[in-house]
Amino acid sequence: MTTRLSFRGRLRRLLTTTLALSLLGAPLAHAEGQLRIAEQFGIVYLLLNVAQDQQLIEKHGKAAGVDIKVEWLKLSGGSAVNDALLSGSVDIAGAGVGPLLTIWDRTYGKQNVRGVASLGNFPYYLVSNNPKVKTIADFSDKDRIALPAVGVSVQSRVLQLASAKLWGDAQYNRLDKISIAVPHPDATAAIISGGTEITGHFGNPPFQEQELAGNPNAHIVLKSYDVLGGPSSATVLYATEKFRKDNPKTYGAFLGALDEAARFISANPEKAADIYLKVNKGNTDRKLLLQIIKNPEVQFKIAPQNTYGLAEFMHRVGAIRNKPASVKDYFFDDAHIQGGS
């Protein structure tokens, strides 16, 4: 005999199943062809902007025989992005290397979150509008350093590494007490206007360039490339092992789209700048955007570069428990990762 559940009964069963899966740490599975992407603010997400505007993911999906429906979600801070990924709200997460290493360590042997690709190499600047602050040693308890997420974001981790080099590993988090989590647009406005408790901002392009152009007192205190020893992939994309395994065509289409977007930007910087303005609906100066895109220190590529030093540091100071042997431990071992670092 067939038993037909009432709507209330079906809803109760669905909620019970959802709760059970949530408690187990297993996000709800969905069919091949659905892709939900979490990104944040800044031109470091230009590869995703181009892929969205040109519908490159859908294009590569069709070539693989699958119609992909893409949803885009804008968040601020690695903590929020990581929570969204672990809750099953998104499939691909975009954040810094710091949040990737944190969630890789947290899910090791469980959801096994790993990196999917880099979004390119970008220098990140710690900018201050306090004339007295020339180096990180000059910040006092009266200063506040804005960054996406304290102790989690890549900006916070780079600042910790710089602190460890200056004061020793025992004081790696010395500046955490004067750091506060603020979205890049808000922090930029505070640095440009002045007169707030925020006297420092560890941001990313184009916000750091806007600050330097918008306030005569704004100056660079620290560069990420100097701390990390050269060009590095600060912002990356990552996903769970289950998503990659259960959605091979969607996953492959996504990688293909990223690679095409990287080549598009390198060949068409003018069009890429227009796409950024269109997708983000901002008032960023176009000339400033082009300066960033054409900056020789900026490289659009999906292979990670120079990330392991930060991973080794985070393990050394106890920020992550598991020590990766190489980049292949915290990135999926796909073809484009070969030669990554």
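Write out the GluC sites (Glu not before Pro) in the stretch 184-253 meeting two conditions: DSSP loop, and at most 15 other Cβ atoms within 10 Å of their Cβ.
Passing sites in the stretch 184-253 are 197.
For the stretch 107-148 and the stretch 269-341, what is the centre-to-centre distance using only Cα atoms, to the nearest Å?
13
Under the rule of at least 5 residues apart or a separate chain, name every residue whose amide H is placed under 5 Å from the amide H of residue 221.
126, 127, 128
Once amide H atoms are placed 1.01 Å from N in the peptide plane, what residues at a sequence separation of 5 or more from residue 179, or on another chain, have their amide H within under 5 Å of its amide H?
For residue 179, whose amide H was placed from the backbone, the distant partners under 5 Å are 145.
For the residue pair residue 312 and residue 32, what label-to-label distance in nm results when each label sits 7 Å from Cα along the Cα-to-beta-carbon direction?
Distance between the two pseudo-spin positions: 4.1 nm.
Using a basic spin-label model with each label point 7 Å from the Cα along Cα→Cβ, how many nm lie between residue 278 and residue 341?
Result: 3.7 nm between the two label points.
Need one number: nm distance between label points at residue 294 and residue 83, each 7 Å from Cα along Cα→Cβ, rounded to one decimal.
4.2
Does anything in the stretch 39-56 have its amide N under 17 Å from the 7 Å Cα→Cβ label point of residue 74, and if so which residues?
Those under the cut-off are 39-54.
Students often forget the sequence filter, so: which lysines lie under 16 Å Cα-Cα from residue 287 once same-chain residues fewer than 8 apart are removed?
Residue 287 reaches 271, 278.
Looking at this model, which pairs from 134/281; 74/110; 249/294; 177/301; 74/134; 59/245 are more than 30 angstrom apart at the alpha-carbon?
Over 30 Å apart, Cα to Cα: 134/281; 249/294; 177/301; 74/134.
Loop only per DSSP, at most 13 neighbouring Cβ atoms within 10 Å: give me the trypsin sites (Lys or Arg not before Pro) in the stretch 293-341, ordered by residue number.
294, 321
Given the -39500 (n - 2.57) contribution per DSSP H run of 4+ residues, what per-residue ellipticity at 222 nm results for the chain, rounded to the nearest 500 deg cm²/dmol?
Using -39500 (n - 2.57) per qualifying helix, the result is -12500 deg cm²/dmol.
Which residue, 279, 195, 66, has the largest displacement toward the positive end of the dipole of the chain when charges sit on each Cβ (Lys, Arg +1; Asp, Glu -1)?
66
What does the accessible area per residue of the stretch 229-319 come to in Å², with a 1.4 Å probe and no ligands, DNA or RNA counted?
The answer is 45 Å² per residue.
Suppose every K and R has +1 on its Cβ and every D and E has -1 on its Cβ; what is the size of the dipole of the stretch 73-137 about the Cα centre, in Debye to the nearest 20?
240
The values are calculated or read from the model by the stated rules, or taken from the named source; none is laboratory data. Source: prediction; values computed, not measured. Glycine gets a Cβ as well: all are built from the backbone with ideal geometry, and neighbour counts include every protein chain shown. Protein only, heavy atoms only, side chains kept; ligands, DNA and RNA dropped before computing areas. Shrake-Rupley method; radii C 1.70, N 1.55, O 1.52, S 1.80 Å.
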